[in-house]
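Remarks on the structure that follows.
The values are calculated or read from the model by the stated rules, or taken from the named source; none is laboratory data. Predicted model, so just to flag it, every value in this text is computed and none were measured. Ideal geometry is used to build each Cβ from the backbone, glycine not excepted, and the neighbour counts take in all protein chains shown.
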Amino acid sequence: MTKKNKIEPVTIVLPTRNAATTVLLSLQSIHKQTYPIKEVIVVDNASSDDSIKIVRNFAKKSRIPIRIVSRQKNYGLGASFNFGVESSKTSLVILMHSDCILPTAGELDKLTRPLIENNDIIATYPTLFLPESVWQTYSFWEKCFFSRKVGKGAAGLLTKFDCIRKKAYQDVGEIDVKNFGFGGFDADMHDKLRKIGFVAKSEAVVMHLHYLGEGFSLGKLLAKLRMDSRTNGRCIRMRGLSLIHDGLFLLIRPSLAILPFIPYLHTIGIVMLIIYSFLYTHKVFITRSTFQDPRIILLPLLNVFLLYYETFWTIEAFLFGKNKIE
């Protein structure tokens, strides 16, 4: 059902957790939007860096009201979004990450337009990008971790910059923090919303900055992989393979890890593993700044190790399914 264009102010919910390298850029891009914003609710999860100080300083000069909620314990993204949406005073709410920026002043208008024009649409999402220029500023291990995402658009309700009708958010029971509070809730929320209404791709674009500091070590890479792998394992455990595309995608790397141990297929499996060890982070091998780094010699072996590392944590989460903070 279409309706006449009527501007409806939005509330932006922006959780933070040690986001000092990106949160100012995120707030600045929000501040430039031409679409009316009633309030930005920043929910900080026990940051140990200067995140809150940066937000407070920006709030003093912002034309948009910024409400800061400081938590002494990290309750995770899911609980932060639920709190922000519950306390919002608008019918439309924006879920956004503090490491994302909006490249133009019209992105919020593009995101909300389908909802304003059509009552049957209950949520919209943008196309997500990691720009080459941002990736080039990363340290070596961060470049390795995010090399597969550079310049590739990903469209979906990922809570990076999504607009949802507050009533619909509440009707589906909000984010399931018991099972997905620390990861995987975006896919679960997308599934639940599609069961009660239309979820539409908008023309909006959001840039994902990730981490812009210099402290992205190999240990941090391992920690992020463990978190992502456990999220995948929980998703398979909780959702099954109800979505064939997602299910097959989540099982690709575990299948590749097992193939070398299957009788009559082990030779093919080993060859595929060798090819994978280079292709998985192929951009790192063809980029001058990383190709000249001595650590690249270890990268093929590391990629194979990480394949089994990810598989282990995916299986662990699938078998035990604990939803705990990483």
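If you go through region 34-71 and keep only what is of a type in the set (Phe, Trp, Tyr) and in contact with an Asp or Glu (Cβ under 6 Å, 6 or more places away or on another chain), you end up with just 35.
Listed by first and then second residue, the pairs with beta-carbon distance under 8 Å, at least 6 apart or on different chains, first residue in region 8-20 and on the phi < 0 side of the Ramachandran plot and charged (D, E, K, R), second surrounded by fewer than 24 Cβ atoms within 10 Å (Cβ to Cβ) and assigned to a loop (DSSP other than H, G, I, E, B), are 8/90; 8/91; 17/46; 17/47; 17/74.
Quick check: anything in region 35-54 among the β-branched types (Val, Ile, Thr) and part of a helix (DSSP H, G or I)? Yes, because at least one residue in region 35-54 is among the β-branched types (Val, Ile, Thr) and part of a helix (DSSP H, G or I). For region 1-48, a tally of residues being at pLDDT below 95 and more than 22 Å from the chain's Cα centre (by Cα) returns 8.
Checking each residue in region 251-306 for being under 17 Å from residue 136 (Cα atoms) and either of a type in the set (Phe, Trp, Tyr) or not in a helix (DSSP H, G or I) (or both) picks out 281, 285, 286, 287, 291, 292, 293. With respect to residue 98, determine if the residue is crowded, with 18+ Cβ neighbours inside 10 Å, without any contact (Cβ under 8 Å) to a residue 40 or more places away in the chain and in a loop (DSSP other than H, G, I, E, B). Taking the combined requirement at face value, the residue does not satisfy it.
Could you list, in sequence order, all residues of region 284-293 that are surrounded by fewer than 18 Cβ atoms within 10 Å (Cβ to Cβ) and farther than 14 Å from residue 218 by Cβ? Selection gives 285, 286, 288, 289, 291, 292.
Can you give me the number of residues within region 26-49 that are out of contact with any Lys or Arg (no Cβ under 8 Å at 6 or more places or on another chain) and either surrounded by fewer than 16 Cβ atoms within 10 Å (Cβ to Cβ) or free of Cβ contacts under 8 Å to residues at least 12 places away in the same chain (or both)? Residues flagged as out of contact with any Lys or Arg (no Cβ under 8 Å at 6 or more places or on another chain) and either surrounded by fewer than 16 Cβ atoms within 10 Å (Cβ to Cβ) or free of Cβ contacts under 8 Å to residues at least 12 places away in the same chain (or both) within region 26-49 amount to 6.
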